[in-house]
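In what follows, a single structure is set out as structure tokens and then discussed.
Bear in mind that the values in this text are calculations on the coordinates, not laboratory data. This is a predicted model, so every value here is computed, not measured. For neighbour counting, all protein chains shown are included, and Cβ atoms are generated from backbone atoms with ideal geometry for every residue, glycine included.
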Amino acid sequence: MRELLNEIVPSLSVAMEKLELNHDQWVNLLGNSTDKLHGDITLPCHTFSKILRKSPNDIAIEIANILGSELSEISDINIVNGFLNFKAKNSWISKKISSLNSDPRLGVELENSKTIVIDYSSPNIAKRMHVGHLRSTVIGDALSRILLFKGHNVVGENHIGDWGTPFGMLIEHFIECDNNNVGDIDLSTFYKEARYKFDNIDDFALRSRKRVVKLQSRDPETIDLWQNLVDYSLVHFNSVYQMLGVLLDDDNLAGESMFEELLPEVVKRLESKNLIVESEGALVVFPDGWYNRENEPLPLIIRKGDGGYNYATTDLACIINRVESIGCNEMLYVVGAEQSQHFSMVFQVAKDAEFMGEEIKAVHVPFGLVMGSDGKKLASREGKAITLKELLEESVTRAEKLILEKNPSMPDSDRSKVSRMIGIGAIKYADLSIDRNKNYVFDWNKMLSFDGNTAPYLQYAHARICSIFRRTSISRESTIDSEILVVNDFEKSLSKSIIGFSESIDETINSYSPHRLAVYLHHLAQDFASFYENCPVLVSDDENTMNSRLALCNLTARTLKTGLGLLGIETPENM
Ligand code: ARG
């Protein structure tokens, strides 16, 4: 509980000075207590024992004595096994939560605005988006929303794979498909078919190579064909983005082709820093500290023997653009963990070459795989590739069935809207609620369950609060001026949870881990469930209690809605 800690520190500083313990010796020891029975914040006094030659318990008692009644408005103090515990007083919590009640930002302060580029989604042209791109899209979208909420200038970039030597064969194959019927093009097999023809049909391979040359020299007819192919894939990508309800649109496109003209500049700058060497006909950089399995220096290939540039070269160009044209302070790359080495090497070279100074932060935000319930990487079902759109549609259909069971009287038009919120929310939350570094298992029953750490559980808590208000004549808005009285332990836990919202946002940002926010929201919903079970709201014995509890309900709903909204998940009022 950061709020409590912040209020304790000044008085504690004075007390610790009297014991001649300096700030650095204790301030980092002060933290959230794991023993909630005894305290919210705790200071373990064991390490002071050696310095002061007293038992930890005696030291804790001495500190408590010096503090005297200093913190009596804020917290109770107790001492257990050498731990000095501070437990927030109901009256203090009541004051805090009542002031949050009228705060539209729920205690989340704006930060000095930084320009942060988030590179996410980034599928490849002429291929279908796969579940890895889904993870990147969902995590990147959540991070964008959270950073925006914190006041940053967020530049979302969709670094689609739309350039390079394979585009010769892709365009040639596109021409051949186009002659038949554009609508028949199947992106899940398109790339493979082109590759097959390239490897097996000499004439096709020859045409493809010529096409690459034409593309690179910007032959207008070839550029037109390329653009058609890109547009064709974008229709598919955009339909997925739309279904997902993410912030990405065509304005966010910053594909590999955009940086093509900068590639010779990358080489020039690397040469001027004497970083580039020729190796087996290719131009490479050997960043310090990288070795292959044979313990030979590992190169980052900048230009291949045939003159073609590499994925890494484009990423270096991209960094120059983001630093010099966009003026970013931070770059986040939401890309699968399998590309960790690529990004480490690229960042290192970009620093060595002074494409970015020390003050600029480049961070790879990696994530694990999506697994099927068979424990294997989720890619196909009964031998057929799973397409993202089908996956999303299936989730909505399943949600619709559930709603029909649980709430048969809901009008059809509401049901279809709500099913979309639940179905899409479930898929996003299943991804976001798990530490992104871990693989996550795609499990329909789990993600759509109304119990447990799931979107429907959180959405349901929100809808339940909306339904409480439907049963009274008191409007939600009118409760924001009410004083919230924290009397019993249920009100206290729920209030403390709500007060923790801003801390959870900061933790999420500091670790670039939306799952921190998800875990927080799940605890909040659990605290609400206990509160609701134990504290009658509408049948309260007196008006003050009823108003206070209604205010607490409304504040909980606002926090759930805001939090889920930051994860890109909608909250129906009825479900
Ligand atoms: N298109 C790449 C892929 O599908 C991801 C690009 C990630 N972003 C980047 N700047 N390299 O693997």
Checking the structure you have, find out if any residue of region 290-311 is under 26 Å from the mean Cα position of the chain (by Cα) and surrounded by fewer than 20 Cβ atoms within 10 Å (Cβ to Cβ). yes
Filter result for the condition that a residue is of a type in the set (A, V, I, L, M) and free of Cβ contacts under 8 Å to residues at least 40 places away in the same chain, over A337, A312: A312
Conditions first: (1) touching a helix residue (DSSP H, G or I) at 6+ places or on another chain (Cβ under 6 Å); (2) more than 29 Å from E261 (Cβ to Cβ); (3) within 12 Å of the ligand (Cβ to nearest atom). H130 passes all but one, so which condition is the exception? (1)
Quick check on region 431-440. Is at least one of its residues more than 21 Å from the chain's Cα centre (by Cα) and either exposed (fewer than 15 other Cβ atoms within 10 Å of the Cβ) or among the aromatic types (F, W, Y) (or both)? no
S395 passes all but one of the listed conditions (1) assigned to a helix (DSSP H, G or I); (2) closer than 22 Å to A529 by Cα; (3) under 31 Å from the mean Cα position of the chain (by Cα); the exception is number (2)
From (1) under 22 Å from G164 (Cβ atoms); (2) more than 16 Å from the ligand (Cβ to nearest atom); (3) aromatic (F, W, Y), pick out the condition that doesn't hold for Y291. (1)
How many residues, within region 27-71, are touching a residue at least 12 places away in the same chain (Cβ under 8 Å) and part of a loop (DSSP other than H, G, I, E, B)? 14
Considering region 97-134 alone, what residues qualify as being of a type in the set (S, T, Y) and farther than 19 Å from I509 by Cβ? S98, S99, S102, S121, S122
Filtered residues of region 470-489 (kept if in a helix (DSSP H, G or I) and either basic (K, R) or surrounded by 20 or more Cβ atoms within 10 Å (Cβ to Cβ) (or both)): R470, T479
The number of residues in region 134-166 that are without any contact (Cβ under 8 Å) to a residue 60 or more places away in the chain and either within 15 Å of the ligand (Cβ to nearest atom) or touching a strand residue (DSSP E or B) at 6+ places or on another chain (Cβ under 9 Å) (or both) is 5
Matching strands (runs of 3 or more DSSP E) fully within region 294-382 where at least 2 residues are within 11 Å of the ligand (Cβ to nearest atom) and closer than 19 Å to S121 by Cβ: 330-334, 361-365
Kindly indicate whether D414 is touching a strand residue (DSSP E or B) at 6+ places or on another chain (Cβ under 9 Å), charged (D, E, K, R) and either exposed (fewer than 14 other Cβ atoms within 10 Å of the Cβ) or in a helix (DSSP H, G or I) (or both). no
